[in-house]
Amino acid sequence: MFIRGIGWETTSEKLRTIFSAYGELEEAIVITDKVTTKLKGYEFVTFKHIDGAMLVVKEPSKKINGRVKVAQLAAQNYVSELSSAILD
């Protein structure tokens, strides 16, 4: 899942807590800038089973830490390319 609109105070643990209610997670990663280490405002959540992701898609807008977040499915190729770009 690709989630955008997160606040600066959001942590990977907070994401894990929120999204684990929809299903078992493989990972929940908040994306940060390599240089400044500040949050970039989006994250990725990977479910072990597609059922969890589909439950999230049924309610794509969520309020986390007082801000509305939008969740959408992310394609594996897109995630791989984005991860490579972030790590370069």
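Observations
- Residue that is nearest to F47 (Cα to Cα), among those in segment 16-36 that are open to solvent by less than 80 Å² (accessible area, probe 1.4 Å) and in contact (Cβ under 8 Å) with a residue 40 or more places away in the chain: I18
- Hits in segment 8-43 (condition: hydroxyl-bearing (S, T, Y) and in a strand (DSSP E or B)): T32, Y42
- Condition met for E13 (at pLDDT 85 or above and out of contact with any strand residue (DSSP E or B) (no Cβ under 6 Å at 6 or more places or on another chain)): yes
- I3 open to solvent by less than 20 Å² (accessible area, probe 1.4 Å) and closer than 18 Å to E59 by Cα: yes
The values are calculated or read from the model by the stated rules, or taken from the named source; none is laboratory data. Small disclaimer: the values here were computed from a predicted structure and weren't measured. So basically every Cβ, Gly included, is an ideal-geometry build from the backbone, and we count neighbours across all protein chains shown. The protein model used for the area step is the full one, side chains on, heavy atoms only, and it has no ligands, DNA or RNA in it. Shrake-Rupley method; radii C 1.70, N 1.55, O 1.52, S 1.80 Å.
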